[in-house]
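The values are calculated or read from the model by the stated rules, or taken from the named source; none is laboratory data. Just so it is clear, the structure is predicted and the values come from calculations on it, not from any experiment. All Cβ positions, even for glycine, are placed from backbone atoms using ideal geometry, and neighbour counts span all protein chains on display.
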């Protein structure tokens, strides 16, 4: 028996923040789309925008490039939405984002990068986490890409972009979603194949006077002078 998606209210701490398209007097986001038969250079920009949105600026590396998908998009064999799906289901995206995080953090990353907004609340995060746990990663990706919200805002031909303007962090001001680090915390260092350093012994503060002078150290000369003066 499959588990249906949990119901959650559409409320958030910044739900009154206007989207880009409704905020008067501000610069509008640039749309990267294949609707107007783009040139070769414009296709390059579309591909770069897709990498930057899905992998973020932290993960846009040579190792995350997908040459086969790029070739298909250039020759109009797939849509922008198909290209986005290919990036999301790539082993590189899974390794950099899914394998090193728990489901809650992964839901945040995907909602921000696919739907262009932050999660509404903990209930939405929990609902999507249950979907990942019960039906798998690919089903969750398809659920977001085939949602009414995605199709209404991006359709098949527009690269997703940040629709909600800000995430506010203390002492950092307003930063976009794609500049947030995808990592979770130190509890996941083992999954990132990094050593976990811990010290269970007593904490001992280092005092400069405890350091013994070496040969040629001026401190030896001054100590000799003090010894002579005491004779």
Fill in: Single condition residue 101 does not satisfy, out of (1) in contact with a helix residue (DSSP H, G or I) (Cβ under 8 Å, 6 or more places away or on another chain); (2) more than 28 Å from residue 36 (Cα to Cα); (3) touching a residue at least 12 places away in the same chain (Cβ under 8 Å); (4) surrounded by fewer than 19 Cβ atoms within 10 Å (Cβ to Cβ)
(4)
Discussion item. When you scan the stretch 116-124, do you find a residue that is crowded, with 20+ Cβ neighbours inside 10 Å, in contact with a helix residue (DSSP H, G or I) (Cβ under 6 Å, 6 or more places away or on another chain) and part of a helix (DSSP H, G or I), even just one?
Written reply: no
Fill in: Subset of the stretch 73-97 [modelled with pLDDT under 95 and crowded, with 18+ Cβ neighbours inside 10 Å]
93, 96, 97
Worksheet item: Name the pairs: first residue in the stretch 68-81 and over 17 Å from residue 53 (Cα atoms), second residue modelled with pLDDT of 95 or more and part of a loop (DSSP other than H, G, I, E, B), Cβ to Cβ under 7 Å, at least 6 apart or on different chains?
Response: 72/78
Practice prompt. Scan the stretch 18-54 for residues that are modelled with pLDDT under 90 and either in contact with a strand residue (DSSP E or B) (Cβ under 6 Å, 6 or more places away or on another chain) or outside any loop (DSSP other than H, G, I, E, B) (or both) and jot them down.
Written response: 19, 20, 21, 22
Discussion item. Yes or no: the stretch 146-159 includes at least one residue that is at pLDDT below 95, under 25 Å from residue 45 (Cβ atoms) and not in a helix (DSSP H, G or I).
Written reply: no
Discussion item. Condition first: part of a loop (DSSP other than H, G, I, E, B) and within 17 Å of the chain's Cα centre (by Cα). Can you find one or more residues in the stretch 64-75 that meet it?
Written reply: yes
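What do you reckon, is residue 57 modelled with pLDDT under 90, surrounded by fewer than 16 Cβ atoms within 10 Å (Cβ to Cβ) and either in a loop (DSSP other than H, G, I, E, B) or touching a helix residue (DSSP H, G or I) at 6+ places or on another chain (Cβ under 7 Å) (or both)? Give the derivation first.
Details: modelled with pLDDT under 90: yes; surrounded by fewer than 16 Cβ atoms within 10 Å (Cβ to Cβ): yes; either in a loop (DSSP other than H, G, I, E, B) or touching a helix residue (DSSP H, G or I) at 6+ places or on another chain (Cβ under 7 Å) (or both): yes.
Taking the combined requirement at face value, the residue satisfies it.
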